[in-house]
Each structure stands twice: as structure tokens, then as C-alpha cells.
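Report on the structure given below.
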Amino acid sequence: MSYFRALIFCLPIALVSSPVSAQSASVAFGSVEADPSLPVEVTSDTLEVNQADGTARFVGNVLVVQGVMRLSADMVFVINKAEKKGIERLEAEGNVVLVNGPDVAESERAEYTIDSGIVVMNDNVLLVQENSTIASNHMVVNLNSGTAQMTGQVKTILNSGDGN
């Protein structure tokens with residue numbers, strides 16, 4: 001269990017009201033809209049480049065930055081566009097954390113399609129927002145509109161706001 005997930009689950013019980021379960025939920029994500037046209041900066045411990053197809057594999061302490069959006073993971077695979085210069089999508093695996101504004105999401109896997117601004121997160125998704133924590137199996141984030149759709153065993157814990 002990651003430090004982030006452990007921290008969330010160790011919050012005092014007094015901060016939360018009763019849990020709410022559902023099969024899907026639509027939520028806001030990020031306080032500002034992301035801009036997929038901005039450059040993507042990637043840092044990591046190691047880089048492996050496949051000259052034949054132009055793909056790159058970043059491994060160890062990977063951090064992807066694009067404007068206000070931050071994505072970290074154990075490994076990120078970069079797939080370039082077939083006919084044009086630029087990145088088509090990023091595939092992240094292991095301890096994936098997506099931060100946009102005040103919102104933070106964690107999962108085991110994520111795929112970010114750059115042009116559309118869509119991030120698909122799978123496996124043990126946990127979204128933390130100011131007044132709630134939401135867990136699910138799958139989440140689709142639209143960075144352009146600042147929205148997310150969570151599906152599959154969605155469980156929400158809402159902060160009651162009264163400190164009791």
C-alpha cells in the first residue's frame with residue numbers, strides 16, 4: 001500500500017460521515033482546465049528508447065508534468081504519433097498518482113491520450129477531493145473539462161464538515 005493511500009485510510013474517523021456506495025459517479029476533477037497543447041516534460045531514473053518505433057520507456061521515480069497536471073508512476077511508456085511529431089499517449093504503471101489543482105487520484109495503471117486530454121485510470125482507483133474520498137475500479141478523467149466519471153464498485157466517504 002502506498003504512503004498516499006495509507007495516509008488517506010488513517011484519517012481520523014471523526015472527519016467522515018457514513019459511506020455511500022454506487023456503481024458509477026460523476027465528479028469534478030481539478031480546479032483549472034488542463035491544456036493538452038502544452039509541452040510534456042518527463043523525468044525518471046532511467047530511459048530506454050526503441051529506435052525502430054520511436055517509443056520510450058521511463059522507469060523509476062517517473063514524473064510527468066504538463067502545465068498544472070502532474071502524473072507520477074513507477075514506469076511510464078511513451079507512444080509517439082504514427083504520422084506526426086509528438087506524443088500520442090502515455091501508459092503509466094505502478095503507484096500512479098495524478099494531481100490536477102487540489103484533486104489527487106491514485107491507481108495502479110493509467111493511460112493518458114494527449115490530444116483528447118483523457119486519462120483512464122484502472123485498478124484500485126482512489127480520488128481525494130476537499131470534502132470527500134471516492135474509491136472505484138475505473139475512472140475516466142477529462143482534463144479539458146475538469147470532470148471525471150468513476151465506475152465499478154464506487155464507494156464515497158463524505159466529510160460532514162462539522163468536525164464531529
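Modelled with pLDDT under 85 and outside any strand (DSSP E or B) - does that describe any residue in segment 113-121? Among the residues of segment 113-121, not one is modelled with pLDDT under 85 and outside any strand (DSSP E or B), which makes the answer no. Is there any pair linking a residue in segment 118-131 that is surrounded by fewer than 16 Cβ atoms within 10 Å (Cβ to Cβ) to one that is of a type outside the set (A, V, I, L, M), with Cβ under 8 Å and at least six apart or on different chains, and which? Correct list of pairs: 123/107; 123/108; 123/109; 123/137; 130/102; 130/159; 131/159; 131/161. Taking the listed residues 65, 49, the one that is modelled with pLDDT under 95, open to solvent by less than 70 Å² (accessible area, probe 1.4 Å) and either farther than 20 Å from residue 117 by Cα or in a strand (DSSP E or B) (or both) is 65, with no other qualifying. Among residues of segment 146-164 that are modelled with pLDDT of 70 or more, those with a Cβ under 7 angstrom from a residue that is open to solvent by less than 70 Å² (accessible area, probe 1.4 Å) and not in a strand (DSSP E or B), sequence gap 6+ or separate chain, pair up as 146/29; 146/30; 147/29; 148/29.
The values are calculated or read from the model by the stated rules, or taken from the named source; none is laboratory data. Keep in mind that this is a model prediction, so the values were computed, not measured. Methodologically, a virtual Cβ is constructed for each residue, glycine included, from the backbone with ideal geometry; neighbour enumeration extends over all protein chains shown. The accessibility values were calculated without ligands, DNA or RNA, using every heavy atom of the protein model including side chains. Shrake-Rupley method; radii C 1.70, N 1.55, O 1.52, S 1.80 Å.
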